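The values are calculated or read from the model by the stated rules, or taken from the named source; none is laboratory data. Given the structure is predicted, the values throughout are model-derived calculations rather than measurements. For neighbour counting, all protein chains shown are included, and Cβ atoms are generated from backbone atoms with ideal geometry for every residue, glycine included.
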Amino acid sequence: MPLVGFRPTKARLIIEDSRATVLVMKVVVYKGDTIRLTAGDLLEELTGVLRIRERKDNGVRNGGFDPGTLVYIPESGFGADLAPAKYQINVAISSPKFDTLVRLATSGRLPTKFFVEAGERISRTESRGLRYEMRGGKRFKFWDTAAHRILLVTNFSFILPIDVAETRPEENRVQETDPVPSVATNAQVAELLDNLLVFHSETKNTLFALMGILGVLAFAALMIGLVLFQRA
């Protein structure tokens, strides 16, 4: 059976105390996927709604699988009260998957794509309600909305976005604004050496002068000792 792709654009969560929680999304037919209708218009020209119900019975109701539906709603009313044609998709998913979609929607993100497999399978290659047709050498999908306004959705799938952090090349390089240790110039090094030499010279002269004074004092003490010894 043909697969039809949709793209969610908006979402809202409906919570009622006495009913199951429902996640409602506004959807459009995915770009490049053309579905012609009986009246001659295209499904991608209509407004669509996707209603996702939380399923808590493990997918089983009355002993069988709980299918979804794809419903065509023709235009109604007259004049100012004219309501254009639209479509609605109804599906139910298990609680863990439903919680994943709710967390995604409440964080401000939506599935990137949603697929449904709808229609009644007649044989391995043919289906009723939604089928492939050839016209003008081109293959397209055709929905017989006159005879099959409601199609069973036997399979569906979501494609969810995943954010992956990427390391940018500039983050691995030192930015130009980062502080870089300064390097002394040749003139600064020469000046530092001159200061060290002057300090060394002054220290050496001071040491020699101190040694000279100590020598004189030692000689004077020796002479005084000799004089005192001779008098004794």
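Details
- Residue within the range 31-49 that is more than 19 Å from K141 (Cβ to Cβ) and either of a type outside the set (V, I, T) or assigned by TED's automatic domain parsing to the domain that holds F156 (or both) present: yes
- For the range 80-101, the set of residues classified as crowded, with 17+ Cβ neighbours inside 10 Å and either more than 27 Å from the chain's Cα centre (by Cα) or farther than 30 Å from T38 by Cα (or both) consists of A85, Y87, Q88, I89, N90, I93, F98, L101, listed by residue number.
- Top-ranked residue in the range 135-154 [being of a type in the set (D, E, K, R) and within 17 Å of M1 (Cα to Cα); ranked as nearest to the chain's Cα centre (by Cα)]: K141
- Entry remark, the range 1-40: residues being of a type in the set (F, W, Y) and on the phi > 0 side of the Ramachandran plot number 0 in total.
- Pick from the range 1-53, criterion farther than 23 Å from A92 by Cα and acidic (D, E), ranking: nearest to the chain's Cα centre (by Cα): D33
- Strands (runs of 3 or more DSSP E) completely within the range 1-91 that count 1 or more residues being over 29 Å from R124 (Cβ atoms), out of contact with any strand residue (DSSP E or B) (no Cβ under 9 Å at 6 or more places or on another chain) and modelled with pLDDT of 95 or more: none
- Output for the range 103-130, where each listed residue is outside any strand (DSSP E or B) and either buried (at least 17 other Cβ atoms within 10 Å of the Cβ) or modelled with pLDDT under 85 (or both): L104, A105, L110, P111, G119, I122, S123, R124, T125, E126, G129
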